[in-house]
Amino acid sequence: MLRITVSKSAKGAVKYFDEGLSKSDYYAEKGEIVGQWHGKLAEQIGLSGEVQKEDFAALAYNQNPVTGEQLTARNTENRRVGYDFTFDVPKSVSLVYSQTKDEDILRAFNGAIQETMTEIEEHAATRVRSNGKNDNRLTENLAWATFTHEEARPVGGIPDPHLHQHVFVFNATYDQKEDRIKAAQFGDIKADAPYFETVFHSRLADKLQQVGYQIEPSDKHFELAGFERSTIDKFSNRTRQINDKAEQLGLSYDEDKAELGAKTRASKRTGFERDELAMQWRSRLTDRELELLVNAKDSPPTGGWDGSYRDRAIEKKKDRLSPKESVDYALDHVLERKSVVSEKELMTIGLQRGLGSVTPESFRNALEDRKDIRTKAIPNSKEILMTTAEAIQEERNLRNTTRRGKGAFEPIHPDYRIKNEQLTQEQASAVHHVLNSQDFITAVTGGAGTGKTWSIKEVAEGMKEKGVPFGAFAPSSAASRQVQREDGFENATTIAELLQSEKLQKSVQNGVIWVDEAGMVGNKTMNRIIDVAKEQNARILLTGDIKQHGSVERGDALRIIQQFGGVKPAEISKIQRQKNADYRTAVKAISNGNMEKGLQTLDQMGAIKEADSFDETRQKVAEEYATARKAKEDVLVVATTHAQGQAVTQTIRERLMEDGILQGDERIFKTQKNLSFTEVQKQDARSYQQGMIVQFHQNVKGGLKRGTKYQLSEKDENGDWVLSNGNNRNKTVLPLHESSKFSVYESQEMTIATGDKIRITQNGTSKDAKRLNNGNILEVTGFDKEGNILASSGKRSLTLSKDYGNLTHGYYTTSPASQGKSVNRVILLQSSMTGRAASKEQFYVSASRGKFAISIHTDDKQGLIRSVQRSSQRMTASEVATNPADRQKERMDKFKKMGQIFRAGLSRVAKTKEAWQNRSVGIISMITQKPQVVRNAPARGK
């Protein structure tokens, strides 16, 4: 594992050196740990070999330890001193090393770290200001000190074995162009921590296998072969302590847990002799476990390996992927939801799945063998972006279809008179734009809360007058069956239903397919909608906003159609939702991309509320929510991550119980969380664990019916997962080849009391045959005698089966799920430990949900301001396609099309010329032909 923690003060860094880095961990003899200098900058300064405290302290205080000169320009008290990169080995490796002191383990560990740190150094950069903008310049040099430790921080006074290394990297790098040492930029390195962690694990696994150890890969990591989980858990007290605290605080990212680990450290204890501590550890082991530890390398223990281990080892090796298979897996997984992927992200997925059989070098070699990959190197960085020919073709189809569809239809209703006098001039103009359009694809775009749907209601009236069929669709149940239907489109449904139902497709024949929230539609789905429209001789109307969230599926179809397909949308810019003038000004500024002005306005309103910790932040959110709930106010909490949303849910419920809003005893219900596996994950048996739930949404041959749930009970002799629902008499295995027909869930539990808000997480039917839509919020009014849930949505009452499962508490939503919603008061939870979930688009959507009031709760105002400046907008595959063959093909296709048009034109000219020639010959012949003498004709005048 790799954790990166910032050091924010020189005094704190020196104290950390004295009390942490250089201390022999927990032994009575109080020996010193000798650090070692590494890095090109350390060598340039003149630092090598053992780390002396005075040299470490000089760098911490921004001084050159050799010359005594100031190191970098900025020397303020709150400057970032450096970063502690902590590399951990798997727990089983620590256990074996604690009992054997095998130097091969230490050499493999140090070698894997050194190779990874050398790669990290190649990514070193510094900030430069150019043309009024801040950019990064690669420097490829750093200075760091390494300190190897063998134990974890104590829990209950006794530390566990924990082989790890602290790599303290100073915030300095030499800029060759400016010929001076400057502060380094670590933002991209921190963001790429999952990649660096994965290549470290890959190198460590490879080196351990080379010296005789066998490994068993797990989800993202590995353990040495032969150890049961129960053995490892005996020595994982510190990890358990951090994970428990993280769950309590709603933290899910590894970097968040790293900071949490730093905050929850117990002080190092002294008083244990080495032999005494070794005996403490040994006392936790059975004789068999100890024998496995001591004999983990090369040869089996006395009496041979357990049969269960031997079978598991054979199965694990059978699951190993070749480098080519690892590349294929990574591409299929990542490109299902992205058109463009970084090389690092691709390698992270591929190396995790190929752990133990694939190295960074073999993966890159296999990647180079793929002829359909297109790449683009990002200037001034080590970043390489990648896409495939298939993704490029999807975008090309969208562009070409849009362009060819221009002028293909007659206007629907050019003389329509607006009936709704409340429409603004912009909205009315948008209505006329649609009804006068002659194009296959027409678009209306506008910011959040500008009244796009309000305008489309008038468009529908115009179409109704002309008898033109009009179908309303959206990407999600919440956007279609809730928002669209509430706005008057009674038959609105999801895009998925349109694509599956022939009846729905026939209903829009010779009409218009309206797709709302089109910015959340991916390329593949949009191309399928286009195919349906062509089959039905229908047009497409898109409404949305490319400044809000993009699609989960790969590609941003609306942006491609709008920016590259030549569609000029009707734009609605005047905000209608926000009724408070200052609030409206802030949202307008954010919509226009002026994040600085928007945040400043919100701050002046008192909307940004800073607390000292996440714990205090969620308490404040819970207090505001409870106050609004008591006042029966329409309120919505938007959390940046599900983990933080679940944490604040716990606090909200505690507050509502105190206020008497939640009443009676809590009841426990089994629920299921969708794991959102990609297709390639669902096709991979290693993705599953015993106890997971599989629910089919289409019938599968062999008696697996739509809507049925099964639990994964075990693996059979062939390595296939066996399904169980308590009723099936014959053994049924999970049909991995039918992955598109089922979803995979994790079994969970939740407590519910009368008064609770619950949210439906999957479409279904209530016990009394009422439709349940994904995203529906219900209030629990009680329970019946069988334990089923009695609930109300405000408009209707229903009974929810106690075994329904697809539900969770309904006190928060994430930003993507909130898009399209509108409430009186919105409460944002923007923790400092949100990571990449925070962005310009996320904040814009979240902040624009309210009509009258907004509050933004954070534990780091400046961090919040920085995090929401970053755009999450994705690059298109076409922008990455730098391959000359692709550009040549596109040019040739264009010239070919122009040639066809030109030849068709020449043909028409030739035919016209021939017709005129024939006509001219006839006329000339009539003029020049001598009159024939008509015999016996009467004389003129007679």
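The values are calculated or read from the model by the stated rules, or taken from the named source; none is laboratory data. Fair warning: this is a prediction, and the values are worked out from it, not measured in the lab. All Cβ positions, glycine included, derive from the backbone under ideal geometry; neighbour counts span all protein chains shown.
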Item to check | Wholly enclosed strands (runs of 3 or more DSSP E) of region 565-666 bearing at least 3 residues within 19 Å of Q830 (Cα to Cα) | outcome: 608-610, 635-639
Next on the checklist: I'm checking my understanding of the structure. Among residues of region 681-718 that are outside any strand (DSSP E or B) and among the hydrophobic types (A, V, I, L, M, F, W, C), which one is surrounded by the most Cβ atoms within 10 Å (Cβ to Cβ)?
Outcome noted: M692
Checklist entry - Of all residues in region 790-809 being in contact with a Ser or Thr (Cβ under 9 Å, 6 or more places away or on another chain) and part of a loop (DSSP other than H, G, I, E, B), which is nearest to R759 (Cα to Cα)? => result N806
Next on the checklist: Going through K464, K503, K452 one at a time, which residue ends up being in contact with a strand residue (DSSP E or B) (Cβ under 9 Å, 6 or more places away or on another chain) and free of Cβ contacts under 8 Å to residues at least 12 places away in the same chain?
Outcome noted: K464
Next on the checklist: Looking at the structure I just gave you, is Q690 of a type outside the set (F, W, Y), under 15 Å from L736 (Cα atoms) and not assigned by the TED database to the domain that holds T627?
Outcome noted: no
Checklist entry - Could you list, in sequence order, the residues of region 41-63 that are surrounded by fewer than 18 Cβ atoms within 10 Å (Cβ to Cβ) and in contact (Cβ under 8 Å) with a residue 60 or more places away in the chain? => result Q44
Checklist entry - Out of (1) crowded, with 22+ Cβ neighbours inside 10 Å; (2) among the aliphatic types (A, V, I, L, M); (3) under 28 Å from the mean Cα position of the chain (by Cα), what's the single condition that is false for A817? => result (1)
Next on the checklist: Name the single residue that is farthest from the chain's Cα centre (by Cα) among those in region 611-634 being farther than 25 Å from A448 by Cβ and either among the acidic types (D, E) or in the same structural domain as G447 (by the TED database) (or both).
Outcome noted: E623
Checklist entry - Mind checking whether some residue in region 522-541 is at pLDDT below 95 and closer than 24 Å to P469 by Cα? => result no
Item to check | Members of region 431-454 found to be of a type in the set (G, A, S) and within 30 Å of the chain's Cα centre (by Cα), listed by number | outcome: A443, G446, G447, A448, G449, G451
Item to check | Residue list for region 802-832, filter: small (G, A, S) and either on the phi < 0 side of the Ramachandran plot or in contact with a Leu (Cβ under 6 Å, 6 or more places away or on another chain) (or both) | outcome: G810, S815, A817, S818, S822, S831, S832
Checklist entry - Filtering region 825-865 down to residues that are of a type in the set (S, T, N, Q) and at pLDDT below 90, which residue is farthest from the chain's Cα centre (by Cα)? => result Q862
Checklist entry - Among the residues of region 197-208, is there at least one that is within 27 Å of the chain's Cα centre (by Cα), surrounded by fewer than 21 Cβ atoms within 10 Å (Cβ to Cβ), in contact (Cβ under 8 Å) with a residue 12 or more places away in the chain and not in a loop (DSSP other than H, G, I, E, B)? => result no
Checklist outcome for this item: Counting only residues that are surrounded by 14 or more Cβ atoms within 10 Å (Cβ to Cβ) and not in a helix (DSSP H, G or I), region 375-417 contains a total of 17
Checklist outcome for this item: If we take region 31-113, then helices (runs of 4 or more DSSP H) inside it with 2 or more residues that are small (G, A, S) are 53-60, 91-100
Checklist entry - Among the residues of region 305-323, is any at pLDDT 85 or above and assigned to a helix (DSSP H, G or I)? => result yes
Item to check | Residue count for region 726-777, restricted to those that are among the β-branched types (V, I, T), under 21 Å from Y710 (Cα atoms) and either outside any loop (DSSP other than H, G, I, E, B) or over 28 Å from the mean Cα position of the chain (by Cα) (or both) | outcome: 5
Next on the checklist: Checking the structure you have, find out if any residue of region 199-222 is out of contact with any strand residue (DSSP E or B) (no Cβ under 9 Å at 6 or more places or on another chain), within 20 Å of F85 (Cα to Cα) and of a type in the set (V, I, T).
Outcome noted: yes
Item to check | Within region 124-143, tally of residues that are within 24 Å of H38 (Cα to Cα), surrounded by fewer than 21 Cβ atoms within 10 Å (Cβ to Cβ) and in contact (Cβ under 8 Å) with a residue 60 or more places away in the chain | outcome: 4
Checklist entry - Within region 114-126, can you find the residues that are assigned to a helix (DSSP H, G or I) and of a type in the set (S, T, Y)? => result T116, T118
